Amino acid sequence: MIEMPADALGRPISRLTTYSLRPGDGKAINILKKILMRVGILPSKRDYKKCFLDLVPYGVSEWWALTREAVDYIWQFIHEKPHIVNYFKNTVCPDESFFQTILGNSHFKPMITGNFTYTDWSGGGSSPANISEKHLGIFKSISSSSVDSPFGRRENIFARKFTDDSARLVSILDKQISEQ
């Protein structure tokens, strides 16, 4: 869990301050919103601090493993503070900061670690690399399933992303795991 802004880790504060159109609103509504932003009726930049008050924004991967207690806490929070929910509806990548901000400002914060998913971002871009045979050596060389990352110490018990024709690769990985 990292406090925003953290530009070097891909969590700039612009994710919260830039008004982001919602694809679910439909093309006509979003065209109207763009026009309203262009003429200054609808702001393209927002001040999250006015809405968040004393909440510190946090961001991290959207791949989470949550306890029942954490889910109950989130459920209560969204019912008590619907203005926060509404604010996040028009942010960039809300799945990477909404729940993180709620839990980062709670008694759960000390218990939060990095996610459990191995993801290869070495190629750059907005999508991770597909898991391939080159990753077999990487997985085998990890002496422990626990690794350090910029987001904290974590266990690698999942991996993403596989293609539809990765059955043979998954079978090899299953064998490697069972031999450890």
Q.
Only counting other Cβ atoms within 10 Å, I'd like Trp121, Trp63 sorted with the fewest neighbours first.
A. Trp121, Trp63
Q. Can you give the charge dipole size of the chain about its Cα centre, rounded to the nearest 20 debye, using +1 on the beta carbon of Lys and Arg and -1 on the beta carbon of Asp and Glu?
A. 780 debye
Q | Longest DSSP-loop-exposure-free segment, GluC sites (Glu not before Pro), the chain, at most 16 other Cβ within 10 Å | A | 63-132
(Q) Considering only C-alpha atoms, what is the centroid distance from region 88-146 to region 5-25, in Å? (A) 17 Å
Q: Order by neighbour count: Arg46, Arg38, fewest other Cβ atoms within 10 Å first, most last.
A: Arg38, Arg46
Q. So which residue, out of Thr18, Thr163, Thr91, gets the largest mean-square fluctuation from a GNM of the chain using Cα contacts under 10 Å as springs?
A. Thr163
Q) Hey, what number do you get for the chain at 222 nm if only DSSP H runs of n ≥ 4 count, each worth -39500 (n - 2.57), divided across all residues, to the nearest 500? A) -10500 deg cm²/dmol
Q. By how many degrees, between 0 and 90 and to the nearest 10, does the Cα long axis of helix 68-80 differ from the longest principal axis of the chain?
A. 10 degrees
Q) Relative contact order (percent) for the chain, with alpha-carbon contacts under 8 angstrom and 6 or more residues of separation? A) 22 percent
Q: Quick one: angle between helix 167-179 and the longest Cα principal axis of the chain, in degrees between 0 and 90, rounded to 10, please.
A: 70 degrees
Q: Give the cross-link partners of Lys161 among the aspartates and glutamates, using a straight C-alpha distance below 13 Å as the criterion and excluding same-chain residues fewer than 8 apart.
A: Asp120, Glu133
Q: Would you mind calculating the gained length between Thr113 and His83 on full extension (0.36 nm times residue separation, minus the Cα-Cα distance), in nm to one decimal?
A: 8.1 nm
Q) Taking other Cβ within 10 Å of each residue's Cβ, how do Met111, Met4 sort, fewest first? A) Met111, Met4
Q. Among all lysine pairs in region 2-111 that are eight or more places apart or on different chains, how many have alpha carbons less than 18 angstrom apart?
A. 11
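Where a number appears in this text, it was derived from the coordinates with a stated rule and is not lab data. Only a predicted model underlies this, so the values are computations on that prediction, with no experimental measurement involved. Every residue, glycine as well, gets a Cβ built from its backbone with ideal geometry; the counts of neighbours run over all protein chains shown.
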